[in-house]
1. Roughly what would the spin-label model give for A:Asp206 and A:Tyr51, points 7 Å off Cα along C-beta, in nm?
2. Using a 10 Å cut-off on Cβ to Cβ distances, tally the other chain neighbours for every residue of A:271-282 and report the average as a whole number.
3. Determine the alpha carbon to alpha carbon distance for each of A:Lys272/B:Lys300; B:Lys135/B:Lys323; A:Lys68/A:Lys117; A:Lys300/B:Lys300 and list only those over 22 Å.
4. Using r as the Cβ-Cβ distance of A:Arg322 and A:Thr28, and R0 as 41 Å, what FRET efficiency do you calculate, to the nearest 0.05?
5. Just to confirm the numbers: B:Thr325, label point 7 angstrom along the Cα-Cβ line, distances to the other copies in nm, shortest first?
6. Where the label is 7 Å out from Cα toward Cβ, how close does B:Gln39 come to the same position in every other copy, in nm, shortest first?
7. Checking the cross-link filter: which aspartates and glutamates have an alpha carbon closer than 20 Å to that of A:Lys202, excluding same-chain neighbours under 8 positions apart?
8. Let me spell out the model: positive unit charges on the Cβ of Lys and Arg, negative unit charges on the Cβ of Asp and Glu, origin at the Cα centre of segment A:189-293. What dipole size does that give, in debye rounded to 20?
2 protein chains.
Amino acid sequence: MERKTHSPDELFVRLRQGDRVALGRAITLIESTRSIDRQPATELIEACLPYSGNSIRLGISGTPGAGKSTFIDAFGTMLTARGHSIAVLAIDPSSGVHHGSILGDKTRMDNLSRDPKAYIRPSPAGSSLGGVARKTRETIVLCEAAGFSQILVETVGVGQSETAVQAMTDLFVLLLIPGAGDELQGIKRGIVELADLVIIHKADGDRMALAREAQMHYQRALHLYPERSSGQSVPVLLASSIEQTGLVQVEETIQNIISIFKENGHFQAQRKDQSGFWLRESLMDQLSTWVFSRHREDYKQLEADVLNGKTSPFSAADELMRKITGSKAD
Amino acid sequence: MERKTHSPDELFVRLRQGDRVALGRAITLIESTRSIDRQPATELIEACLPYSGNSIRLGISGTPGAGKSTFIDAFGTMLTARGHSIAVLAIDPSSGVHHGSILGDKTRMDNLSRDPKAYIRPSPAGSSLGGVARKTRETIVLCEAAGFSQILVETVGVGQSETAVQAMTDLFVLLLIPGAGDELQGIKRGIVELADLVIIHKADGDRMALAREAQMHYQRALHLYPERSSGQSVPVLLASSIEQTGLVQVEETIQNIISIFKENGHFQAQRKDQSGFWLRESLMDQLSTWVFSRHREDYKQLEADVLNGKTSPFSAADELMRKITGSKAD
C-alpha cells in the first residue's frame, strides 16, 4: 500500500505536537480531490481552528525576476535565527500539475529547506484559483495549529492571485527591482495598491544608485494612492538577500506595522472581513458552478442571443432565473 | 387618471419617430418597479434592441468639485452645434428618491436643457447599484433607438458606480481639476486606471499654470499604468467650459480614439464583453438575492459561526450549498 492513511484525530494529535510528517500528510488530505477525503479533511480543519490564528500571515508578491525565492530564503533564515518558526506556502494557479510551480523546486531555498524551524510546502495543483486559494487558506490553519509563528504566502505576479493572497494575509509585501526601464513594467495594474510594504530588492553593489532612485520613485508613486483601509502609509525599503542587508529593518517594519494594526483594531477587523469574504466568495463560486452545470445549455443559448443582440443581458438573466427557480419548484 | 398608459408597441413607434414625450414615458416604464410593468418593459427593450448600438457611449466621471455639469453643458452644446444629437443620463446610486441626484436639478445644464437636440434624464432612483445600472443600460438602448448619436453617462466619483459606467460605455472620460494639493485627493483608488481620456477641467485664467502642472503630473502618473486592454495610451487634455477652450480638441480626440478602437476591433470586442459581463453580473446578482432571501437565517447563523472562529468559511459555504441544493431536491 503506497500511502498510509491516518484518521483525522491521529493526524490532529501528531500535528499539534509539531510532527512535520503528520503536517505534510494533513495538507495532502486537505488538497485531495477524492470525495472520500472530503469529510475527514473538514473534521481535521474544524479540530485545528481553535488553535489557529496566532501567527503573522505575510503575503509576498513580485514578478518572476524580483528574486522572491532568494528573498524568502534569506529573510526566512533571519527570522528563524531570531526565534521564529516559519511556514512557506505558495499560490500559483498556473502551476497545473506542479510544472513550473514557484516552490516546486525546493532547492531554490537552499538554507531554508535545511532549516529545522522552517517548513516549505509547494503550491497545490489545481485548475481554479478559487480551489487553490481555499486549499492554501486551509493549510494556513493547519500550519498555525502546528505552532508556526509566521506564515509566508508567496505568489507570482499574475493578477487575480495577488487579490486572493491579500485576502488571506495580515500584511501584503511587494518585491520590486531597481532599473529595468519603467519600474512598473510587468507589474499588473492594481497590485501596487494592494501593498502594505514595498521592498526594492537586489539593492546591492552596482545597483545601489538605481535602487535608491527606485525607492524615491515608488515613494512618490505610492503617494498617489491616498486612501487605504488600514489608514497607514506604505513604507518603501531597500534590501539585499546576497549582502543580507535591510532584512532586519524589513522584519522590524513588519512588526511595527502589525503592532499599529493590532492597536487600531485593523488587524482583527481585517481577519473578520477576510472570513466573511471567503464565505461569500466560496458560496457564490459553488453556486455559479452548480448553476452552470445544471443549466449549461440554457446559458450557452441565451449568451449567444445576447452576444448577437437578439436579447438584452438583463432579460436573458431573468429568463435563466425563471428556469433555475422554476426547476426548483417542481 | 394621473398617468396615461401606452402599449409598448405604441411607445416604440413614437419613440422611433424621435418623440421626446414617448421616450420619457418609455424610460419611466423601464424604471418602474411595479410588477405589471415588467413584461411591457421587456417587450419594449427587445423591440428597440435591433435599432440600438449606433451611438458613441461616453462615460464621464469626476469628483463633485470637478464641474461635470458645467462641462457637459458646454461640451454637449458644442456637440449639438456640430450636428450631434445627445442624450445625457446619470448613474448615482446614492441619490435615493432623487434627493441630491446629480442631474435632478436640470437648471445646472442651462444651455443643454433648452437645446432641442439634447435630452437630459435624471438618475433613476434605486437602492442598489445593480438596479440603477440595469435601468441606465436599458435606457441607453431606448435612447439609441430614438436616434441619439452620442450618449453621455455621468457618474459621481463614488467608487463602484464608475466600474458600472465603464462597463456600459465605449470610452471613459475622467474630469480632474488643477491645484488643490494632491491632485488625486478625493479620487477613489482605481478610478484613474479606468480612464481612456483625462481632462484637466477649469483650465482657465489664473489656473492655467496649475492646470499645465496637473497635466504633466497626470501624464507621468498614467505612465505608471502600462497595460490597458485597448492597447492605447491615455491622453491628458486641458479644457475650460467658461472660456469654451479645449472642447473641440476633446471631441476630436474622442473621435480619433473611437476610430482606432473600431479599426483594431477593440470597440466591437468591448461591447460584446460588456454584454457578457452584464449577463453574468445580473444572473449572479439575482442568484445571490434569491439564495439570501430563501436561506437568510441559515446564512446569518453560519456567518456568525465563521466570524467567531467556530467553523471555516469554506465548510460553512459547503453546508449552505447542501441546504440550497438539498432543498432543491425535495
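The values are calculated or read from the model by the stated rules, or taken from the named source; none is laboratory data. It should be emphasised that the depicted structure is a prediction, and the values quoted were computed from it without experimental measurement. Note that each Cβ is placed from the backbone with ideal geometry, even for glycine, and that neighbours are counted across all protein chains shown. Heads up: the accessible areas ignore ligands, DNA and RNA and are worked out on the full protein's heavy atoms, side chains in. Shrake-Rupley method; radii C 1.70, N 1.55, O 1.52, S 1.80 Å.
1. Between A:Asp206 and A:Tyr51, the label points sit 5.2 nm apart.
2. Details: counts 2, 4, 1, 1, 9, 4, 1, 6, 14, 6, 3, 9.
What the average comes to for A:271-282 is 5.
3. Violating the 22 Å Cα-Cα cut-off are B:Lys135/B:Lys323; A:Lys300/B:Lys300.
4. E(calc), rounded to 0.05, equals 0.40.
5. Ordered by distance, the counterparts are at 2.2 nm.
6. 5.0
7. Within reach: A:Asp73, A:Asp110, A:Glu154, A:Asp182, A:Glu183, A:Glu213, A:Glu243, A:Glu251, A:Glu252.
8. Dipole size: approximately 200 debye.
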